[in-house]
Amino acid sequence: MFDWLKAILGESYTEEIDKKVAAEIGKSFVPRTNFNAVNEAKKAFEGQIADRDKQLEKLKKVDAEGLQAEITRLQGENKAAKEKFDADIAAVKLDAALDAAINGIVKNNAKINHYLYRM
């Protein structure tokens, strides 16, 4: 398992020494795969932190007063659009009511004229 240890110990190297060294190394060191996984996670977190820092810098540069003015302007436009919509709906309802009334008068007038001519 430990070829480097075989090279150092030569003929004195045994499987028992190999097992003892492996047990002691396991107590003090982490396996390379664990180290690499943790290292990759660390790099990913550092990248996320850098992204967050950039976002915070952008937010610091935002003109809060300008945004508030834009919000106020848009709210005013929305209010004006709603008032126009409400006025348009009222006009349509009025037109429909007038049409119905006129149609009713014409029908009644036609009945009256028809009745008068029969006399």
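The values are calculated or read from the model by the stated rules, or taken from the named source; none is laboratory data. Not measured: the values here are computed from a predicted model. When we count neighbours, we look across all protein chains shown, and the Cβ atoms used for this are built from the backbone with ideal geometry, even at glycine. With ligands, DNA and RNA removed, areas are computed over all heavy atoms of the protein, side chains included. Shrake-Rupley method; radii C 1.70, N 1.55, O 1.52, S 1.80 Å.
Count Lys and Arg as plus one, Asp and Glu as minus one, and take only other residues whose Cβ is under 13 Å from that of LYS58; the net charge is then 0. The alpha-carbon of LYS27 sits under 30 angstrom from the alpha-carbons of these lysines, leaving out residues fewer than 8 places away in its chain: LYS6, LYS19, LYS42, LYS43. Taking the charge dipole of the chain about its Cα centre, with +1 at Lys and Arg Cβ atoms and -1 at Asp and Glu Cβ atoms, the residue from LEU67, VAL38, ALA87 reaching farthest to the positive side is ALA87. With a cut-off of 12 Å between beta carbons, the residues surrounding GLY26 carry a summed charge of +2, where Lys and Arg count +1 and Asp and Glu -1. Which of the lysines could a cross-linker span from LYS79 if the Cα-Cα distance has to be under 26 Å and same-chain partners fewer than 8 positions apart are dropped? Answer for LYS79, where 26 Å is the Cα cut-off: LYS93, listed by chain and number.
Here the calculated FRET efficiency for ALA37 and LEU9, from their Cβ-Cβ distance with R0 = 25 Å, stands at 0.20, rounded to the nearest 0.05.
Rolling a 1.4 Å probe over the protein heavy atoms of the chain, with every protein chain left in place, gives an accessible area that is 62 percent carbon and sulfur.
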